[in-house]
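The values are calculated or read from the model by the stated rules, or taken from the named source; none is laboratory data. Fair warning: this is a prediction, and the values are worked out from it, not measured in the lab. When we count neighbours, we look across all protein chains shown, and the Cβ atoms used for this are built from the backbone with ideal geometry, even at glycine. In case anyone asks, the SASA skips ligands and DNA or RNA and just uses the protein heavy atoms, side chains included. Shrake-Rupley method; radii C 1.70, N 1.55, O 1.52, S 1.80 Å.
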Amino acid sequence: MSRRNFVMGAVALAAAVLPLTAGMASAAPTATVVYYNASGAPTFQSAIASGAANWNRAVSNVQLRSRTSGATLRYTEGNDPRGSYAQTNGHGSGTIFIDYTQARQYDVVRIAAHETGHALGLPDHYSGPCSELMSGGGPGTSCHNANPNATEAARVQRLWANGLAANSAPSNTIYETVYAK
Ligand SMILES: [Zn+2]
């Protein structure tokens, strides 16, 4: 590339980026914040925080923040023969349960991130590979991936593109899903 082309390219890039920056400064497209409370799952608080951080890195239209009062998303823990599950409307509200037995068998950050994915509007896809977060327990206990793949992140980005009110996930659907069938 000649120097002249380089300069022209830089000018074009600046022109393309500047309006976006200006737009963000005046009317920032702020992320919707989903507040969660993990105090009901004291054993798994760090796993829950790690799972939330994974989502926060992967998407920008919705962000998870820990808060002890006024949270719409709650995590609990205990023993349940069904294993871990989410009861959520897919719009950031509901309850996530982490099962002790399953947490010993499977990667617990993956469990937390997976169930959180339901609260963000994603369904299960047990037949998917380990690289998919929403395949849950499908790939088996050796799967330690706790990050959504690009397709899953893009889907959440679309669902939350215009804020909570415009979230196109079917709000009348209550996901009651288990981590592993
Ligand atoms: Zn699930």
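A full extension of the chain between S66 and T141 corresponds to an added length of 24.2 nm, given 0.36 nm per residue minus the alpha carbon distance.
Label point of K181 set 7 angstrom out along Cα-Cβ; within the stretch 96-135, amide nitrogens under 13 Å from it belong to 124-128, 135. Taking all protein chains into account, the per residue accessible area for the stretch 32-178 stands at 43 Å² (1.4 Å probe). With a Förster radius of 41 Å applied to the beta-carbon distance between S46 and R158, the computed FRET efficiency rounds to 0.85.
For the stretch 32-178, the relative contact order is 26 percent, taking Cα pairs closer than 8 Å that sit 6 or more residues apart in sequence and dividing their mean separation by the residue count. The listed peptides 157-164, 63-70, ordered by packing as a protection proxy, come out as 157-164, 63-70 (highest mean of other Cβ atoms within 10 Å first).
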